[in-house]
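To start, the structure itself, in structure tokens.
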Amino acid sequence: GNSVTQMEGPVTLSEEAFLTINCTYTATGYPSLFWYVQYPGEGLQLLLKATKADDKGSNKGFEATYRKETTSFHLEKGSVQVSDSAVYFCALGGGGNKLTFGTGTQLKVEL
Amino acid sequence: NAGVTQTPKFQVLKTGQSMTLQCAQDMNHNSMYWYRQDPGMGLRLIYYSASEGTTDKGEVPNGYNVSRLNKREFSLRLESAAPSQTSVYFCASSEAWGSTEAFFGQGTRLTVV
């Protein structure tokens with residue numbers, strides 16, 4: 001079946017540092033890949049997505065590229081802010097498949 | 001535009017009590033979902049409704065029942081709550097089963113003592 005593995009947290013960074021959160025997946029077919037973000041006390045919201053190999057999703061300075069050869073979808077941001085502190089979930093789905101989530105990675109950004 | 005609305009936001013139950021979590025969406029979505037979120041486990045699908053009139057089990061359905069009341073509403077019922085059901089519950093909806101984006105409610109934090 002489909003599965004998603006993402007790096008464990010928490011990840012603690014200083015403001016303006018570079019962020020990478022690793023995500024790898026196992027899937028049958030050609031799923032879409034997603035990053036969702038959960039701010040404290042809120043539900044999940046879609047951050048970015050990529051629907052086919054080599055696509056790059058981007059939003060709010062975050063980027064991730066769908067790499068079929070390495071089955072990865074790593075999340076990156078060049079300069080994090082305190083307001084980026086949240087839990088980030090990698091997920092796959094679409095194409096008739098249910099969403100499958102990773103376990104989430106908590107990011108803490110300090111001044 | 002409210003999106004996905006869940007009630008209540010917080011609830012404390014005693015073991016053996018029952019309750020229903022309510023969820024409504026105003027985006028005219030066909031598919032709705034119930035997830036639970038536990039530390040270190042991510043989100044796990046409890047039940048889903050691919051379209052009005054249908055419901056199916058997800059990964060962790062034991063101890064729960066659901067009702068797709070109409071296209072807008074999808075409720076989750078705990079018949080006899082157990083401490084293992086202490087969790088944060090999220091309702092979500094999407095245009096269709098397997099759509100490329102799901103929209104989530106704010107969650108219900110449930111504690112069973």
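Read-outs throughout are calculated quantities, based only on the coordinates presented, and are distinct from any laboratory measurement. Because the structure is a prediction, the values reported are computed rather than measured. Every residue, glycine as well, gets a Cβ built from its backbone with ideal geometry; the counts of neighbours run over all protein chains shown.
Numbers below:
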read-out: All-pairs alpha carbon distance profile, segment B:2-88, 10 Å steps from 0, percent; value: 16, 51, 30, 3
read-out: For chain A: relative contact order, % (alpha-carbon pairs under 8 angstrom, 6 or more apart); value: 37
read-out: Binned Cα-Cα distance frequencies in segment A:37-111 - 5 Å width, integer %; value: 3, 14, 24, 27, 18, 9, 4, 1, 0
read-out: Largest-first principal axis extents, alpha carbons of segment B:1-51, Å; value: 36, 23, 19
read-out: Candidates B:Met27, B:Met19, B:Met41: whichever shows maximal mean-square fluctuation once chain B is modelled as a Gaussian network with Cα springs under 10 Å; value: B:Met41
read-out: Residue among A:Ser79, A:Ser32, A:Ser58 with the largest mean-square fluctuation in a Gaussian network model of chain A, springs linking Cα atoms under 10 Å; value: A:Ser79
read-out: Within a Gaussian network of chain B (alpha carbon springs, distance under 10 Å), most fluctuating of B:Leu21, B:Leu78, B:Leu69; value: B:Leu69
read-out: Separation between Cα centres of segment B:6-82 and segment A:32-111, rounded to whole Å; value: 24
read-out: Rel. contact order, % - alpha carbon contacts under 8 angstrom, at least six apart, chain B; value: 36
read-out: Spin-label pair A:Lys52/B:Gln22, simplified geometry with 7 Å Cα→Cβ offset, distance in nm; value: 4.4
read-out: Positive dipole terminus of chain A, leading residue within A:Cys90, A:Gly1, A:Cys23 (C-beta point charges); value: A:Gly1
read-out: Normalised alpha carbon radius of gyration of the protein assembly as shown [divisor 2.2 N^0.38 Å]; value: 1.02
read-out: Pairs beyond 28 Å (Cα-Cα), from A:Lys68/B:Lys9; A:Lys52/A:Lys77; B:Lys14/B:Lys57; A:Lys52/A:Lys108; value: A:Lys68/B:Lys9; A:Lys52/A:Lys108
read-out: Exercise: per-residue mean of other protein chain Cβ atoms within 10 Å, B:40-48; value: 4
